[in-house]
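The values are calculated or read from the model by the stated rules, or taken from the named source; none is laboratory data. Computed from a predicted model, the values in this text were never measured in an experiment. Cβ atoms come from the backbone with ideal geometry, glycine included; neighbour counts cover every protein chain shown. The protein model used for the area step is the full one, side chains on, heavy atoms only, and it has no ligands, DNA or RNA in it. Shrake-Rupley method; radii C 1.70, N 1.55, O 1.52, S 1.80 Å.
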Amino acid sequence: MRETPTSLSVEAVLAHLEQMTVPLSDSEPVALVQALDRVLAEDVISPLNVPPHDNSAMDGYAFNGQSLPQAQTLQVVGTALAGQAWTGSVLPGQCVKIMTGAIMPPGLDTVVAQEMTRVQGDQLHIPAGTLQRGDNCRLCGEDIQAGNIALKSGTRLGPAACGLLASLGLPEVRVTRRLKVAYFSTGDEILSLGQAPREGAVYDSNRFTVHGMLTRLGCSVLDMGVVRDDPALLEAAFRQAAAQADVIITSGGVSVGEADFTKAMMKHLGDVAFWRIDMRPGRPMAVGRIHQGDRSAVLFGLPGNPVAVMVTFMAFVRPALERMMGMQRPALPLLKARSQEVLRKKPGRTEYQRGIVTRDTQGQLQVITTGLQGSGVLSSMVQANGLIVLHHDQGTAQIGDWVDVMMFDGHL
Ligand code: AMP
Ligand code: MG
């Protein structure tokens, strides 16, 4: 039976996937050192003020700044060190030498940096007009107040967020459990590493690009190898994957009219739609659920061509997986760059060309393609630092036209 695949725009595919995928509900506690790149499963309420006291942002002298900006001469009556509370008293006309991070002595609200002053004996001279009341003093709770939400559920814990959690004294956080993703490549012509080359066969690159992209996303991965176009092997692979994983990613065997068993098996084992997407590269894609016993896994049946795999992963799979991981973050904005060449394009599909974005002599972004744009040319993905996105209704871009680019971030 021939498929009559539905033809969908990129926007329609994204809208469908948004309906299809829901955040994982399971969470687990992890030690903060293990929390990098995980996703917070609950709001973190700060148990304390950060910083915990008013303190000095400079090495200098703390004083009461009420008569600023006039020049003043003050008597230095002692030194406040970081980590120790100042216990003495400070009278009007007096000041305290203070180190960065030291608690502000009571009644003092301003710090003058050492290099702005002149000291003679115990007399400190502050010239007029150099600072304002409150300068160089960090206020208790100015970063985070006790009882407030310090980080929201859905935050991906990058180095800054991990540091912030540590500043709250939290040794452990609750994160969504890792998304389990099983993947395999299909096709009789696909060789695994270690197999001898033979005519008509190609080595499996998709498993490595998929593995890399999943690992960078923080998924737990199950590599199921290459599966031949054999119904029994395909069925076993799909069943094993659906029994263990939240998501199954395959590559190959979903092209329109392709005479293999992959599509038939996807249909047999689940609810799967075969989409013809108005895009290049990456036209065919199968999306749905594969059932096994009382559980099911989300399926992404990606095209076989190596660039198409990476582009469909970036465009569709990654946002869907991030949603399942509970991540809540706005997508990175597309940038605009001037095209340095003519980009031929027909309206009616979205095209992703591999681009190298640089700055021109005026400091504006410019972009040139990596050359051959075939969907099998994986070196184009290696050379590129972003994708030029030519939108659905757009036609050919001329030299000097502004085009959208999606920069690769650390995940690619
Ligand atoms: P398909 O979508 O199965 O028709 O495959 C499209 C093209 O991608 C064919 O030239 C395949 O040989 C190639 N291809 C499919 N799977 C892989 C893979 N895992 N690694 C490298 N190339 C692949
Ligand atoms: Mg094939």
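What the table shows:
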read-out	value
Unmet requirement for M104, which otherwise passes all of (1) open to solvent by less than 20 Å² (accessible area, probe 1.4 Å); (2) out of contact with any His (no Cβ under 8 Å at 6 or more places or on another chain)	(2)
Hits in region 357-377 - residues which are surrounded by 13 or more Cβ atoms within 10 Å (Cβ to Cβ), at pLDDT 95 or above and not hydroxyl-bearing (S, T, Y)	V357, L365, Q366, V367, I368
Count of residues meeting criterion [away from ligand 2 (no atom under 14 Å from the Cβ) and either under 23 Å from Q353 (Cβ atoms) or open to solvent by 20 Å² or more (accessible area, probe 1.4 Å) (or both)] in region 247-258	0
Some residue of region 165-174 being among the small types (G, A, S), open to solvent by less than 20 Å² (accessible area, probe 1.4 Å) and in contact (Cβ under 8 Å) with a residue 24 or more places away in the chain	no
Residue under evaluation G218, criteria (1) more than 15 Å from ligand 1 (Cβ to nearest atom); (2) open to solvent by 60 Å² or more (accessible area, probe 1.4 Å), criterion not met	(2)
Every residue from region 259-280 that is within 15 Å of ligand 2 (Cβ to nearest atom) and crowded, with 17+ Cβ neighbours inside 10 Å	D260, F261, T262, K263, M265, M266, F274
Residue check for L74: of a type outside the set (F, W, Y), assigned by TED's automatic domain parsing to the domain that holds Q114 and in contact (Cβ under 8 Å) with a residue 24 or more places away in the chain	yes
Residue within region 59-69 that is in contact with a Gly (Cβ under 9 Å, 6 or more places away or on another chain), surrounded by fewer than 17 Cβ atoms within 10 Å (Cβ to Cβ) and not aliphatic (A, V, I, L, M) present	yes
Pairs, first closer than 16 Å to M325 by Cα in region 26-37, second open to solvent by 40 Å² or more (accessible area, probe 1.4 Å) and in a helix (DSSP H, G or I), C-beta under 9 Å, six or more apart	L36/P159; D37/R216
Residue in region 203-220 that is farther than 15 Å from G326 by Cβ, out of contact with any Phe, Trp or Tyr (no Cβ under 9 Å at 6 or more places or on another chain), within 16 Å of ligand 2 (Cβ to nearest atom) and not hydroxyl-bearing (S, T, Y) present	yes
Matching entry among L40, L17 (being in the same structural domain as R295 (by TED's automatic domain parsing), open to solvent by less than 20 Å² (accessible area, probe 1.4 Å) and either touching a residue at least 24 places away in the same chain (Cβ under 8 Å) or aromatic (F, W, Y) (or both))	L17
Any helices (runs of 4 or more DSSP H) falling wholly within region 253-354 and containing at least 3 residues that are more than 23 Å from the chain's Cα centre (by Cα), without any contact (Cβ under 8 Å) to a residue 40 or more places away in the chain and more than 16 Å from ligand 1 (Cβ to nearest atom)	262-269
Residue within region 390-401 that is modelled with pLDDT of 95 or more, closer than 30 Å to V272 by Cα and surrounded by 19 or more Cβ atoms within 10 Å (Cβ to Cβ) present	yes
